[in-house]
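Comments concern the structure below.
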Amino acid sequence: MNRLPPALAAAATQRVLALLGNPPAHVLELGFAGIHATPLRLAGFEVTVVEPDPAYLERARERAGNARSTIPHEPFDAVVAADDADLSGIDVARVVLVGHDGSVWSSPPPGPTSSPAKSSPT
């Protein structure tokens with residue numbers, strides 16, 4: 001997974017919130033070092049932050065508090081991840097992806113019939 005620049009990831013937060021819809025929901029933020037955690041929590045979402053890259057884990061804990069290095073084995077209502085993240089094995093109802101060009105889109109979990117509709121940054 002290629003890391004998005006922090007400013008680009010943070011700029012996507014409003015579009016992520018719009019695609020998630022109304023809380024309550026349990027959201028997994030995967031690989032953003034906690035950038036989206038505070039705004040999502042303030043909006044009413046329960047957020048689990050997972051930062052698998054050890055170089056960014058401490059930063060994730062500074063931003064989000066209780067960040068983890070591995071994905072817990074529990075269901076999530078949504079996952080927010082980079083468009084090239086490995087989402088296999090995650091029990092999730094909805095996927096919100098952030099592209100390396102700043103685009104954000106939502107789709108059902110990966111599978112043979114998934115075909116997400118992309119939107120450009122606004």
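The values are calculated or read from the model by the stated rules, or taken from the named source; none is laboratory data. Remember, it's a predicted structure, so these values are computed and weren't measured experimentally. Note: ideal-geometry Cβ built from the backbone for every residue, glycine included; neighbour counts use all protein chains shown. For the accessible areas, the whole protein counts, side chains as well, though only heavy atoms, and no ligand, DNA or RNA atoms are used. Shrake-Rupley method; radii C 1.70, N 1.55, O 1.52, S 1.80 Å.
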Exercise. Any idea which residue in the range 64-90 is nearest to the chain's Cα centre (by Cα), counting only those that are of a type in the set (D, E, K, R) and at pLDDT 95 or above?
Worked result: D77
Seminar exercise, completed: Contact list, first residue from the range 1-25 and touching a residue at least 12 places away in the same chain (Cβ under 8 Å) and under 25 Å from S88 (Cβ atoms), second anywhere and of a type in the set (S, T, Y) and open to solvent by less than 60 Å² (accessible area, probe 1.4 Å), beta-carbon distance below 7 Å, six or more apart or interchain, is L19/S106
